[in-house]
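Novice: Pasting a structure here, questions to come.
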Amino acid sequence: MSSAIFRRLGRRVTAMGAGAALVAAGLSLGVMAPANAASVVTIGVTDALGNPMSGNIKSYRRDGAGVFQPWTTYYVDNTGLFQETISDGVYKFAFATETYTEFYKDKTDLATADVVTVAGGTPVTSTWTVDQPYVVGSVTNAAGKPLAGASIAMWDAASGDSVGDTFYADAKGVFKAPSQSAPVKLGFYDDGYAFEYYNDKGNFETADPVAPSPTQADLGRVVLTAGGTISGQVTSDAGAPLEFVRVTADGVYDYTDKNGVYTIKNVTMGNRRVRFSDPIGEYSAEYYNNTPDYSAATLVPVGADQAVGGINANLTPLPADTTKTVEVSGTVKDSTGVPVVGAYVTANSTPAYDGDRRSVEGVYSNRQGVYAFTELEKVQGENQFKVHASSNEQGDDNAFDLFGSWFGGMQNHEASPVVTVTPGTPVGAVDFVLDRAGGIAGSVTGAAGTALVADVDVYGANDGLLATDGVTFKADSTFESRSLRPGTYKIRFDDIAGLHAGEWWKDKYKVDDAVVVTVKAGQMTGGLNAALGTQLIATERPEIEGYPWVGKVITADSGVWNLQTGTDFNYEWFVGSTVVGKGDAFTPSAAHIGDRLTLRVTAENGRLINSASSAPSVKIGYQPKIKVKVKGSKASLKIKASPVKAKKVKGKVIVKVKDDGTVKYKKVAKTKIKKGKGTVSLSKLKKGKHKLVFFFTGKGKVGSNEEAKKVKVKR
């Protein structure tokens, strides 16, 4: 019979409400119906702690011989609700995650799994508590700082096989890792810290096994440290220091500096195998102590956080290859004129179609900064190339980055001149000067006891574009970047965890106010420190825009907050302590005459929330319309405020002059308004042109307003 007849008829996933009637004790069994009938099967799946489970439900259908064959696999999403229309038949089910499988209901295998009969269109409902085991805990450094993003891996304690994906600690350093039922061993790692096994062990064999539990095996606080170090010096057999030798100790490494000195950091405790290799290919590789044989290497014991020195090596030169002919050569220097050791130089093809471009040969510059291509004649159908040089690795840990360049000092393939290779005619002086970067350094701290996942972004001071997407943090909350092109920048500090409000250096909240930082080649700009707070703050309080007139819309200005991007604002309008309106606009009514409005703005950004209020408004009233007529040194005023009768229009007027056309005002006169009229003396004004503003404050049902007027005073 065609399997299409039995294909899944549809899938409906709905949120399981509080009133969902799921039968707790098994699936209901119906009466057999015609073979093409179907029923809706609904199962609510949770773990032992009542959390909804996501995973796969695998179904097995009994065939004519009574054998349960694999049928269909269904996905259960984060709601934990399985709801499917399934054709009539006799089934068994299994719920599976990446690390755990359980058969319905609470069974360990298919043979013992409960049988479920689907028949007659009768709905089938149940709940299923799956005993998914977990391991939980938190990861911090020795000072108690949560290590957000720390990775947690698990292996079967007996076989050493990996169990599930790598898990990561959250912003508070907390992790919850689904596991298998059998004991596991766990490993922990974060950037800047040494890898370690639970519990403070340096290798898998000695790691403490953990028994996962459906009710969570809690490891408590796992503390990571910087680990040990291995250091030494690498020289040639003749005793000359060798720069740019790669020294590796079981996964962590360093390059030797100009003095041949290296220090490998974050070394896990235990016996470590140290290897010395030359990426440039001038010297043969070996293990400590002076052997090319992996199994014969002398292991270096490293205790917890121990500094081990004196792990030295003398490397033997490799014989020169006299069979190769130099076709293209040149030098690589930095912008200070110093040869770059270990620059990676590539020759790239120049086809008509950009998608066919290839790097056809790559070599390292030697310890004099010289490189040479010897394989370009083998490239079929092409003799023109474009050459690029870069330096992604340097021996000096404190060195500033070098920026890659195409030949000719260009930044792209298209603009770089071609290098033509002619057999038997070496091409020389294909030289490079790589610009040296500058750097920034500082620290980012937060409120005591509050998790902080600090982030530092650097933006161009002139164009506002992101110049770098992050910096390197150390365990003490200090940071640095050594990869910025010389120039001017603005520095932004944030908390990825969303528990602190970000800011610009120094304590600035708007990008326009941010202090500009200058970065110079080969120099560090330090002191870029920030202490982030845990509250949203209105650095400029909210304002009510416009006068509050009956029947006229006024709007809200949210003010300026220390974190604007991504912040949502909610608005409430108050008369006294009573909320009279919500939203970013409000229309006063006649019932509000004589009242004063206050605007309260609630700002929300992720987990941060706070409120701020405006100053009280002037009293609500009908809109006054002001007419000003200036003659000589006097100004006559006529004010109307419909529907208030003219004889009842009262108030006062203050006349102010704008100082030199700025927004600042200076009081020059005042008067009272009776029956909608009044005069005011302008005798204090000096000769010349002035910009006057007549501020009117009404009484009774009359509101307030202002009128601007340009006047010319003659003396």
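Novice: Tell me, how many Å apart are the Cα centres for the range 571-615 and for the range 641-715?
Specialist: Spelled out, the Cα-based centre of one part sits 30 Å from the other.
Novice: Right, another one. What is the packing order of peptides 197-210, 170-183, taking the mean over residues of other C-beta atoms within 10 Å and listing the highest first? Don't jump to the answer; show the numbers that get you there.
Specialist: Values: 197-210: 16.3, 170-183: 18.9.
Highest-to-lowest ranking by the protection proxy: 170-183, 197-210.
Novice: Once the dipole of the chain is set up with Lys and Arg at +1 and Asp and Glu at -1 on Cβ about the Cα centre, which of Gly502, Leu147, Ala249 lies farthest towards its positive end?
Specialist: Highest projection toward the positive end goes to Gly502.
Novice: Separate question: If the cut-off is 17 Å between C-alpha atoms, which lysines fall inside it for Lys258, apart from same-chain ones fewer than 8 positions away?
Specialist: Straight-line reach from Lys258, under 17 Å: Lys333.
Novice: Still on this structure, I have one more. What percentage of the solvent-accessible surface of the range 503-646, computed with a 1.4 Å probe over protein heavy atoms, is contributed by carbon and sulfur atoms? Mind dumping the intermediate values first?
Specialist: Details: 3650 of 7810 Å².
So the carbon and sulfur contribution to the accessible surface is 47 percent.
Novice: With just the Cα atoms defining each centre, how far is the range 317-356 from the range 152-219? Give it in Å.
Specialist: 45 Å
Novice: Below 16 Å, Cα to Cα, which aspartates and glutamates can Lys625 reach? Residues fewer than 8 away in the same chain don't count.
Specialist: Output for Lys625: Glu706, Glu707.
Novice: Regarding the chain, what are the three Cα extents along the principal axes, ordered largest first, in Å?
Specialist: So the extents along the principal axes, rounded to whole Å, are 109, 89, 56.
Novice: Whole percent per 10 Å bin, from 0 to the bin with the longest distance: what is P(r) over all C-alpha pairs of the range 461-545?
Specialist: Values per bin, smallest distances first: 14, 45, 30, 8, 2, 0.
Novice: Counting only protein heavy atoms and using a 1.4 Å probe, what share of the accessible area of the range 258-380 belongs to carbon plus sulfur, as a whole percent?
Specialist: On the way: 3100 of 6360 Å².
The computed percentage sits at 49.
Novice: If you bin every alpha carbon distance in the range 567-661 into 5 Å steps from zero, what whole percent lands in each bin?
Specialist: 3, 10, 16, 15, 13, 13, 12, 9, 6, 3, 1, 1, 0
Novice: Just the number please: accessible area per residue for the range 537-645, 1.4 Å probe, all protein chains included, in Å².
Specialist: On the way: 5890 Å² over 109 residues.
Heavy-atom SASA per residue in the range 537-645 reads 54 Å².
Novice: Related question: Which order, highest average first, do 546-553, 327-334 follow once you tally other Cβ atoms within 10 Å for each residue and take the mean per peptide? Don't skip to the answer; put the middle values down first.
Specialist: Values: 546-553: 16.2, 327-334: 21.5.
In descending order of packing, they fall as 327-334, 546-553.
Novice: Okay, next question. Cross-link list Lys666/Lys710; Lys105/Lys185; Lys645/Lys689: which exceed 27 angstrom alpha carbon to alpha carbon? Write down the numbers at each step before the final one.
Specialist: Values: Lys666/Lys710 15 Å; Lys105/Lys185 29 Å; Lys645/Lys689 35 Å.
Violating the 27 Å limit, Cα to Cα: Lys105/Lys185; Lys645/Lys689.
Novice: Straight-line reach from Lys145: which lysines fall under 18 Å, measuring Cα to Cα and dropping same-chain residues less than 8 apart?
Specialist: Excluding near neighbours in sequence, the set is Lys172, Lys474.
Novice: Residue by residue through the range 642-647, which ³J(HN,Hα) values in whole Hz follow from phi under the Karplus form 6.51 cos²θ - 1.76 cosθ + 1.60 (θ = phi - 60°), with glycine and proline marked x?
Specialist: 4, x, 6, 5, 4, 5
The values are calculated or read from the model by the stated rules, or taken from the named source; none is laboratory data. Since we're looking at a predicted model, the values are computed, not measured. Glycine gets a Cβ as well: all are built from the backbone with ideal geometry, and neighbour counts include every protein chain shown. What goes into the accessible areas is simple: the full protein's heavy atoms, side chains included, and nothing from ligands, DNA or RNA. Shrake-Rupley method; radii C 1.70, N 1.55, O 1.52, S 1.80 Å.
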